[in-house]
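The values are calculated or read from the model by the stated rules, or taken from the named source; none is laboratory data. Here the structure is a predicted model, which means the values were calculated and not measured. Glycine gets a Cβ as well: all are built from the backbone with ideal geometry, and neighbour counts include every protein chain shown. Each accessible area value is taken on the protein alone, full model and side chains, heavy atoms only, with ligands, DNA and RNA left out. Shrake-Rupley method; radii C 1.70, N 1.55, O 1.52, S 1.80 Å.
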Amino acid sequence: MSTPAASIGPLLWQVTLAWQRAMRAALEPHDLTHVQFVLLTSAGWLGEHEEPPTQQRIAEHAGTDVMMTSQVLRRLAARQLITRELDDRDARAPRIVLTATGRAVLTDALSDVAATDAEFFATLGADDKVFLRGLTALRDDHR
């Protein structure tokens, strides 16, 4: 029996809250919030696959607000997980680079997040691919 459309939203909310609790628990030993983890991950990925990103590019990649991204990146810089390096082409837009400490923290956190995701979504079993396609379609439709 299918779930009525009216109950999908509250159910998604409840599952999202449970997943966020799991992520908080996984990231606590690394002294990272989930937003810090997402932005650190985006900065690392962009730095490896493109060029050291600007704050604007990180916000676009992560789907976060630029001002909030700026505040979180300042906290990551204060912890010496990233540096802001001047760009010869545009001095107004420093490039964000992970430090050796930032890369180490991210590597450890990625491992714990992957394990937590695997455990959390194990309930889906073989349906995980269908679930992922559905989430991807929703994301793409509502960008």
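Near residue 82, the amide H atoms lying under 5 Å from its own belong to 77, 99; only residues 5 or more places off or on other chains count, and H is placed 1.01 Å from N. Note on residue 18 and residue 138: their simple-model spin labels are 1.4 nm apart, each label 7 Å out from Cα toward Cβ.
Using just the helices of the chain, give the 222 nm mean residue ellipticity in deg cm²/dmol: DSSP H runs with n ≥ 4 each add -39,500 (n - 2.57), and the total is spread over all residues, rounded to 500. Write out the running numbers ahead of the final one.
On the way: 6 runs with 96 residues, N = 143.
Calculated mean residue ellipticity at 222 nm is -22500 deg cm²/dmol.
Simple point charges give the picture: +1 on the Cβ of Lys and Arg, -1 on the Cβ of Asp and Glu, and for the chain a dipole about the Cα centre of about 340 debye. Rolling a 1.4 Å probe across the protein heavy atoms gives the stretch 4-143 an accessible surface of 66 Å² per residue. Note on the chain: with neighbouring protein chains present and a 1.4 Å probe, carbon and sulfur make up 58 percent of its accessible heavy-atom surface.
Return the FRET efficiency for the residue pair residue 131, residue 65: r is the Cβ-Cβ distance, R0 is 22 Å, and the value is rounded to the nearest 0.05.
Numbers: r = 27 Å, r/R0 = 1.24.
After rounding to 0.05, the efficiency reads 0.20.
Can you tell me the length gained on complete extension of the stretch residue 11 to residue 87, counting 0.36 nm per residue apart and subtracting the Cα distance?
Working it through step by step, the gained length comes to 22.8 nm.
Which net charge results when you count Lys and Arg as +1 and Asp and Glu as -1 among the other residues whose beta-carbon is under 12 Å from that of residue 99? With Lys, Arg at +1 and Asp, Glu at -1, the net is +2.
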